[in-house]
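The values are calculated or read from the model by the stated rules, or taken from the named source; none is laboratory data. This structure is a prediction, so every number in the text was calculated from the model and none was measured. Virtual Cβ from ideal backbone geometry, glycine too; neighbours counted across all protein chains shown. Accessible surface is based on the protein model in full, side chains and every heavy atom, while ligands, DNA and RNA are left aside. Shrake-Rupley method; radii C 1.70, N 1.55, O 1.52, S 1.80 Å.
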Amino acid sequence: MKRMDSQQKYDILTKIVEISSSASQINERLTQTAHYLCVKDLAPTIAFYLLQRRGRRLILRIAADSGGSLQLPAPPYSYKLPLPDDPLCKPLTTMLPNSLDPDILHADDLFRTLRPHGWSLPLADENQAYGTMVLLNPTPFAIDNDTILFLQIICRQITLALRSSILKNRAQQKVRRLKFLHQIGAQLNASKDVQSVFSQLPNSALTFFSHSASILHVFASDQSPAKSIDQGFSNAKQRELVLQVSRSQANRAKFSSHPLVIDKTSSLPLSTVYQHFFSQFCAHIILPLHSQNRMVGTLEFFLADKPQSRDLLPLEKEDLELLEILAVHMAATLERTQAQDQLSSANQASLLRTRQLTLSHQMKNALLTADTPKETIRLTLGALVSNEGFTCSPALYLKFQEDKNSWQALHYATAPDQAPTAPDNVKERNHLKTLTNHLLEASAQVPQEIIKVVAELKLPKLDTAPSRFQQAVAGKKPIIIPTDFVTVLHPKLKSLLPGQKSVVIPISSQDQLKGLILANADHINMQDLSYITLFTDAAALALDNTQLYQRLQNSLASLNNAQSRLAQSEKLMALGEMATSIAHEIKNPLVSIGGFARRLHKKIPDQSREKTYSQIITKEIERLEEIVNNVLSFSRPESKRFEPCDLNLLIKETIALFSRELKNQEINLKTQLTPEMRVIECDGNQLKQVLINLINNSIQAMSGTPTDDRQILVRTSCYCDLKEQNERALVEIEDNGNGIQKQFIHDIFNPFFTTKHEGTGLGLPICHRIILNHHGDIRIQNREGKGVKVSISLPFNHKIQPRPTI
């Protein structure tokens with residue numbers, strides 16, 4: 001370096017001030033400065049090394065050479081900041097010029113193995129360092145103190161230019177950020193959803209968003225992820241990797257109110273998934289979105305491992321402030337859109353509930369029109385499966401059969417194809433009929449193959465059912481459970497109840513489980529379930545009403561029948577009293593007539609014609625006497641004295657009376673008398689009369705049957721009557737005769753009713769009266785054309801006196 005006088009220094013300094021103060025870009029000003037200083041022979045080569053990447057890189061920015069032919073390092077982006085004791089970098093920490101010595105080498109030397117002689121001067125002010133100005137020469141050269149002072153003044157002027165450029169860039173960056181925030185705020189305020197604004201973030205002029213992938217997690221009210229939106233991923237594998245990283249930091253993000261920045265230099269413990277993550281990305285930024293002290297979501301950025309992204313790290317205060325403001329805007333918009341969605345959903349739900357309540361009311365009115373339990377169940381199933389109702393199609397009704405101790409499938413319904421027409425004020429009654437028919441169609445239009453499956457479907461008692469299903473039934477309220485807990489009860493249920501969820505609806509009556517409805521629940525929620533509960537409760541009440549109505553109808557029919565029988569009994573009583581009176585008046589003269597007729601019959605010669613006439617008169621008198629005796633026997637007060645009697649022995653004695661008649665008519669009479677039969681308390685003579693009448697009726701019923709197939713079976717046994725709560729004796733007399741014609745079966749116990757030409761019509765009424773007097777029961781099991789079985793049940797002991805005869 002040649003020595004300069006004061007004028008030359010002044011001229012050089014004036015030119016440097018002119019160049020550094022110009023409006024040109026900083027690179028152009030540095031280039032002009034370097035060339036000018038080379039021309040003024042301050043050094044053969046002059047270079048400017050500037051700190052870049054947030055002060056972590058020292059990069060060759062500008063170099064000028066006036067013939068020194070020095071090899072400068074390249075490329076500029078390949079060097080990290082060397083150690084502070086490197087002579088080239090030492091001025092950054094000491095703020096003093098430092099000479100360069102080719103003999104001092106360093107592994108991280110900016111010049112690699114070729115280091116020239118020269119001086120390194122700091123470009124710095126009171127606040128920070130910006131780089132170094134380096135004077136290079138192939139040979140050693142020295143600089144005196146005056147020259148060093150002069151060069152420091154030049155460095156100071158260059159520093160002012162660098163500082164001015166940096167401040168200008170920061171101001172421009174701040175303006176861009178403000179514009180970005182204004183743009184984002186306007187878009188968020190005008191947008192109906194966050195997704196449209198989120199998709200425009202990569203289009204921002206800010207480098208921060210241009211080279212990153214991002215994910216927006218929107219949380220539900222319980223801070224669980226409701227939905228996620230992502231963008232910027234190059235492939236599905238990369239996206240899956242980022243999702244794993246996001247999930248690993250989910251809990252940490254929930255407890256943070258400020259942006260979280262995770263990069264390779266983070267001191268926080270990181271999961272193993274980050275090892276793969278940092279091979280593609282250089283940072284993970286998480287923005288917790290808080291609104292009104294509630295976390296509504298997270299916005300996450302994943303900066304690609306590129307120079308533009310790496311230059312952003314570590315984030316400065318302005319960057320974090322920008323992210324926090326963005327988070328506030330996004331959170332407010334999320335809160336607003338969620339409130340709008342909730343309001344819209346509430347309006348739609350309100351309309352749906354109003355519609356459901358209206359339909360539910362109409363369907364309840366339809367239930368009131370049902371006359372039978374079957375129709376009530378069909379209307380209930382129709383309302384459940386209807387698209388206008390609860391959309392629980394298909395549905396199956398099961399009823400518990402107590403006699404079979406199992407559950408029987410009775411009805412199956414699917415949604416009808418067409419909806420009923422809307423009602424109007426004029427035709428409201430017609431609409432109710434239309435709605436009723438529409439609901440009944442749901443269980444009427446079922447394919448035959450399904451009807452066959454339903455008819456064969458029987459379930460055992462629910463003791464072996466899954467506990468989840470038993471709990472649903474025990475609750476006595478509709479409940480939604482997975483379909484697998486239902487279909488496990490029977491293989492055929494899988495074809496009848498498709499879907500993932502099923503609703504179990506117990507149908508109870510007076511706290512007793514009477515039936516079950518199993519229906520698809522894929523399209524209903526818990527609020528729908530509350531309406532279903534109200535409706536099925538009404539259905540259960542309607543079912544009780546129809547059953548009560550049926551019982552009332554049956555009771556009314558029984559009452560009318562009893563009234564009719566009472567009137568008939570009164571007529572028969574009057575007729576009986578009259579017949580008894582007539583029989584008493586007729587008996588005395590009839591005895592005289594019979595006696596004289598028999599005496600005359602004995603005196604008439606056998607070969608005379610008069611003998612035949614007298615025989616006919618005698619037989620007819622005997623028949624009249626039998627009728628009179630039967631009438632008097634029927635009206636005579638019954639015996640009130642019961643004595644111990646061997647029922648099997650009484651039957652054998654009675655059968656012995658018919659031995660000759662049975663043999664003559666070729667009738668095979670068999671007995672099955674139980675040896676466990678105890679002695680019963682009865683009137684033996686009256687019971688014998690009952691047995692005689694019944695066996696005699698069986699013999700007479702054999703008149704029209706072939707002689708080789710005439711059979712009568714007399715059987716005795718013991719059983720326990722649960723209703724009367726006592727042990728009873730049972731006598732059964734069964735024949736294979738012609739039976740009783742169907743139109744006569746209800747009159748066989750009426751006095752004077754007979755289908756025989758010679759009968760009095762008092763045999764079975766007398767038997768019925770005797771059995772009732774013994775507190776027993778007599779039943780007729782008729783098989784028209786195949787025979788009759790008469791069953792008589794009698795108590796072994798009598799705790800009360802016999803019934804008085806009316």
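Taken per residue, the accessible surface of region 643-795 reaches 54 Å², heavy atoms only and a 1.4 Å probe. Taken along the Cα-to-beta-carbon direction at a fixed 7 Å, the label points for Ser228 and Ala656 span 10.1 nm. The residues of region 194-341 present an accessible area of 48 Å² per residue when probed at 1.4 Å with all protein chains retained. Extension gain, Asp522 to Gln547: 0.36 nm times the residue separation minus the Cα-Cα distance gives 5.8 nm. Basic side chains Lys and Arg get +1 at the Cβ, acidic Asp and Glu get -1 at the Cβ, and with that the dipole of region 194-341 about its Cα centre reaches some 360 debye. How much of the accessible area of region 359-419, in percent, comes from carbon and sulfur atoms when a 1.4 Å probe is used? Of all accessible area on region 359-419, carbon and sulfur atoms account for 43 percent.
Give me the number: length gained by fully extending Thr434 to Lys168, i.e. 0.36 nm times residue separation minus the C-alpha to C-alpha distance, one decimal in nm.
Values: separation 266, 0.36 × 266 = 95.76 nm, distance 8.05 nm.
Length gained between Thr434 and Lys168: 87.7 nm.
For the pairs Lys237/Lys264; Lys227/Lys254; Lys742/Lys786, note any where the Cα-Cα span goes beyond 18 Å. Numbers along the way, then the final one.
Values: Lys237/Lys264 21 Å; Lys227/Lys254 16 Å; Lys742/Lys786 12 Å.
Cα-Cα > 18 Å for Lys237/Lys264; rest within.
Taking 7 Å steps out from each Cα toward its Cβ at Asn588 and Asn561 produces label points 4.6 nm apart. At a probe radius of 1.4 angstrom, the accessible area of region 369-524 per residue rounds to 51 square angstrom. Here the accessible area is traced with a 1.4 Å probe on the protein chains. For region 643-795, carbon and sulfur cover 47 percent of it. The charge dipole of region 369-524, taken about its Cα centre with unit charges on the Cβ of Lys, Arg, Asp and Glu (plus for the first two, minus for the last two), comes to roughly 320 debye.
Ranked by the mean number of other Cβ atoms within 10 Å of their residues, highest first, the peptides 137-148, 776-787 come out as 776-787, 137-148. Summing +1 for each Lys or Arg and -1 for each Asp or Glu among the other residues whose beta-carbon sits under 14 angstrom from that of Glu126 gives +1.
Pop out the carbon and sulfur fraction of the accessible area of region 194-341 as a percent, whole number, probe 1.4 Å.
Working: 3630 of 7110 Å².
For region 194-341, the apolar C and S fraction of the accessible surface comes to 51 percent.
Projected label points at Gln781 and Ala474, each 7 Å from Cα along the beta carbon direction, are separated by 4.2 nanometres.
Net charge near Ile285: determine it from the other residues with C-beta under 10 Å of the C-beta of Ile285, scoring Lys and Arg +1 and Asp and Glu -1. It works out to a net charge of -3. Shown in residue order for region 86-91 are the 3J(HN,Hα) couplings computed by the Karplus curve 6.51 cos²θ - 1.76 cosθ + 1.60 at θ = phi - 60°: 5, x, 5, 9, 4, x Hz (x for Gly and Pro).
By how many nm would the segment from Asp537 to Thr674 grow when fully extended, if each residue of separation counts as 0.36 nm and the alpha-carbon distance is taken off?
Numbers: separation 137, 0.36 × 137 = 49.32 nm, distance 5.31 nm.
Between Asp537 and Thr674, full extension yields 44.0 nm more.
For region 643-795, a crude dipole built from +1 on the beta carbon of Lys and Arg and -1 on the beta carbon of Asp and Glu, taken about the Cα centre, is about 300 debye to the nearest 20.
Measuring from a point 7 Å past the Cα of Ser199 along Cα-to-C-beta, which residues in region 319-338 have an amide N at less than 19 Å? Counting only backbone N, you get 330, 333-334, 337-338.
For Arg609 and Glu643, FRET efficiency with R0 = 60 Å and r from the beta-carbon atoms, rounded to 0.05?
Values: r = 53 Å, r/R0 = 0.88.
Efficiency computed from Cβ-Cβ geometry: 0.70.
Here the contact order of region 256-398, divided by its residue count and restricted to Cα pairs under 8 Å and six or more residues apart, works out to 16 percent.
Which FRET efficiency value, to the nearest 0.05, do you get for His361 and Val328 by plugging their Cβ-Cβ distance into 1/(1 + (r/R0)^6) with R0 = 51 Å?
Details: r = 48 Å, r/R0 = 0.95.
After rounding, the FRET efficiency stands at 0.60.
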